[in-house]
Structure formats: C-alpha cells, structure tokens
C-alpha cells in the first residue's frame, strides 16, 4: 500500500522547527562518532525529528561530512513493512530546503532495519537559514 503525503501548515510548522534547530546545531564528525560509539541514533532526539501526517518519520541534520558541510535527511514510514515512496522523499526533501532531488545528492543509501531512505547533499552556507515553503 502506498503512503500518501500531505504537507499543510501543521506539517510546515514541524518542518520549520526541525530545520531551524538543525541549522543552529550542526553536528561535527566527532559528535556523530560519539553517538555511534554510544549506540545512540540522532533520530532519537526529538529536536532533529518530526512525524508528518500519514506516518512519515523524518530526521534532518546539518552535519560535517568528510566532503564538507552537508544536509542529511532520513525518511521512513510508521508502518514497519513499508518503505517511503520516492515521490514522497523528494517532496519532503524540497520542504526541508534541499536544492536538488535524489539524483543530484552526494550520497543516497537505505537502512534496511528501519526501512529508511537517507539522502545527503552539500549545504549551501548562504542558504542554510532560508525558509521552509510557507
């Protein structure tokens, strides 16, 4: 069964909350290494995560990667047997300010255990504080 994604004002408000927090709290390589060593998922921090209507779970960070400062988004759905549809991932990416789609990303990978799609793109330092689609 395909998940339907609807982004209206309540979802935009949640996206804005998560995005603004992530942009004010970029993660260093050391932050991420410490989290992995402790077995802590960044997505367990509600400041970096939101649930959109119809059960879409989204974690968004701004993080230092070996190739530069990046945006990282992870999208899954609440139904454990389902993957998020690519069209929904692209729409969520746009709402979080990604400049390109999956095809233009620096890295795309899946997490089979969580059935999550992860996308990383290089951040545009001049555009980090620009807004969510309102």
Order of 120, 92 - criterion: other Cβ atoms within 10 Å of each residue's Cβ, fewest first: 120, 92
Asserting the computed 222 nm helical MRE of the chain (DSSP H runs at least 4 long, -39500 (n - 2.57) per run, divided by residue count, to nearest 500) equals -8500 deg cm²/dmol
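Checking a compactness column here: for region 22-94, what do you get for Rg(Cα) / (2.2 N^0.38 Å), N being the number of residues?
1.17
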Of 15, 42, 73, which is the most mobile in a GNM of the chain whose springs link Cα atoms less than 10 angstrom apart? 42
Please build a GNM for the chain, connecting alpha carbons under 10 Å apart, and tell me which residue among 111, 14, 81 fluctuates the most. 81
Candidates 102, 89, 75: whichever shows maximal mean-square fluctuation once the chain is modelled as a Gaussian network with Cα springs under 10 Å: 102
Given axes a ≥ b ≥ c from the Cα gyration tensor, I'd like to know whether region 1-62 is rounded (a/c under 1.5), prolate (a/b larger than b/c) or oblate. oblate
Multiplying the sequence separation of residue 20 and residue 45 by 0.36 nm and subtracting their Cα-Cα distance, what value in nm do you get? 7.6 nm
Distance histogram in 10 Å bins (all Cα pairs of the chain, percent per bin): 12, 47, 35, 6
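Go ahead and run the numbers for FRET between residue 30 and residue 111, Cβ-Cβ distance against an R0 of 25 Å, rounding to 0.05.
It comes out at approximately 0.70.
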In nm, the gap between the two label points placed 7 Å beyond Cα toward Cβ at residue 13 and residue 53 is 1.4 nm
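Read-outs: derived from the displayed coordinates by stated rules, not from any lab. Just so we're clear, the structure is a prediction, and the values are computed from it rather than from any experiment. Virtual Cβ from ideal backbone geometry, glycine too; neighbours counted across all protein chains shown.
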